[in-house]
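Accompanying notes for the structure given below.
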Amino acid sequence: IEASDIGGENVKVEFEDGIAWVKLNRPDKRNAMSVGLAEDMIRVLDELEVDDRAGVVILTGEGEAFSAGMDLKDFFRATDGVSDVKRMRAYRSTRAWQWRLLMHYAKPTIAMVNGWCFGGAFTPLICCDLAIASEDAVFGLSEINWGVIPGGVVSKAISTLMNDRKAMYYVMTGEKFGGRMAEQLGLVNEAVPADKLRERTVEIARVLLEKNPTVLRQARMAYKYVRKMTWEESAEYLTAKADQTTFVDPEKGREKGLSQFLDTKTYRPGHGAYKR
Ligand code: ACO
């Protein structure tokens, strides 16, 4: 494991065989997200996107929390007393990493939910491509409990993964739920026992690291963009995206894939990938 100082005060970054571990690093504050943390995360994500040591990014939390949501003191209270422009800039920094950067990130992302996950933490969770939770993790849309609505972009984010009845229930009650329920709700791919969390997450990262990275990136982007398109638009866009993928792929994956199946008959796509 190779340590790095790009995370600054609030984020810990480590490299391990193609994986970049990005840990929200305010364990004493249950990784509550401050203005400073947003600035550190923007820099980290920006740098990792062009760092060859990062094939997959795993986002998790140091200590017992994934993240206890937005920092009530160092985000909300801290931005209450400042000018409108400064406040706007703080909100924009948070949106920049939690949503915009993660949603359309050039590299695959996995959220590893190790513990508390409240309110604002749902946004980066949902904007990562995949998510694995500890069965012991505790989730909650606790906004209602302290007198605010699930803002930022949380209400929008949950509506992309949870069904309306369930989402409304948790928005309105603020009731907590565990990792298994998060899996049932579609918020995470899997909930696993706490002592298997890291192992299972790394296992999935390894599978992704084996894939043709260009095609993997294009496939992720294509899926995320078509969610908002009509069928007609999707068909046109996906055909163009598929052509673009072939054009930009330095490995010429499509050609190899076709040839190794049809000509040399050395593999079957239904069972696994062509030899890169
Ligand atoms: N904002 C600011 N400080 C926080 C936050 C937060 N979201 N969460 C925890 N902290 C701080 C506590 O104030 C405390 O600070 P102190 O040591 O200086 O007193 C420290 O982190 C430890 O927190 P405890 O509450 O003592 O830890 P505990 O393990 O007992 O409880 C829990 C953890 C359940 C996560 C609790 O801290 C909590 O309810 N936090 C708030 C969760 C929340 O509702 N987040 C906001 C969601 S809404 C939104 O994000 C928009």
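The values are calculated or read from the model by the stated rules, or taken from the named source; none is laboratory data. Please read these numbers as outputs of a predicted model, since none were measured by experiment. Virtual Cβ from ideal backbone geometry, glycine too; neighbours counted across all protein chains shown. The area values use the complete protein model at the heavy-atom level, side chains included, leaving out ligands, DNA and RNA. Shrake-Rupley method; radii C 1.70, N 1.55, O 1.52, S 1.80 Å.
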Estimated 222 nm signal from helices in the chain, with DSSP H stretches of n ≥ 4 weighted -39500 (n - 2.57), rounded to 500 = -12500 deg cm²/dmol
Can you give the relative contact order of the range 1-139 as a percent, counting alpha carbon pairs under 8 Å and 6+ residues apart?
-> 24 percent
Check: the chain dipole with +1 on Lys, Arg Cβ and -1 on Asp, Glu Cβ, in debye | 620 debye
Starting from the Cα of Lys29, draw a straight line to each of the lysines and keep only those under 24 Å, dropping any in the same chain fewer than 8 residues away.
-> Lys12, Lys73, Lys86, Lys176
Rounded to the nearest 10 Å², the accessible area of Arg268 at probe 1.4 Å | 150 Å²
Short version: ³J(HN,Hα) in whole Hz for each residue of the range 140-146, in order, from phi by Karplus 6.51 cos²θ - 1.76 cosθ + 1.60 (θ = phi - 60°), x for Gly and Pro, what are they?
-> x, 8, 7, 3, 4, 6, 10
Going toward the positive end of the dipole of the range 29-99, with +1 on Lys and Arg Cβ and -1 on Asp and Glu Cβ, which of Gly36, Gly55, Ala90 do you reach last?
-> Ala90
Contact order normalised by residue count of the range 60-126, Cα under 8 Å, 6+ apart, percent | 61 percent
The equivalent-ellipsoid semi-axes of the chain, taken as the square roots of five times the Cα gyration tensor eigenvalues and listed largest first in whole Å, are 34, 21, 20
Taking protein heavy atoms only, a 1.4 Å probe, and rounding to whole percent, the accessible area of the chain owed to carbon and sulfur comes out at 54 percent
Points 7 angstrom from Cα along the Cβ direction at Arg276 and Ser259: gap in nanometres?
-> 1.8 nm
Pseudo-spin-label distance Glu203 to Val85, built 7 Å along Cα→Cβ, given in nm, is 5.4 nm
What number, in percent, do you get for the relative contact order of the chain if the mean sequence gap of Cα pairs under 8 Å and at least 6 apart is divided by its residue count?
-> 13 percent
Solvent-accessible ranking of Met168, Met70, largest area first, probe 1.4 Å = Met168, Met70
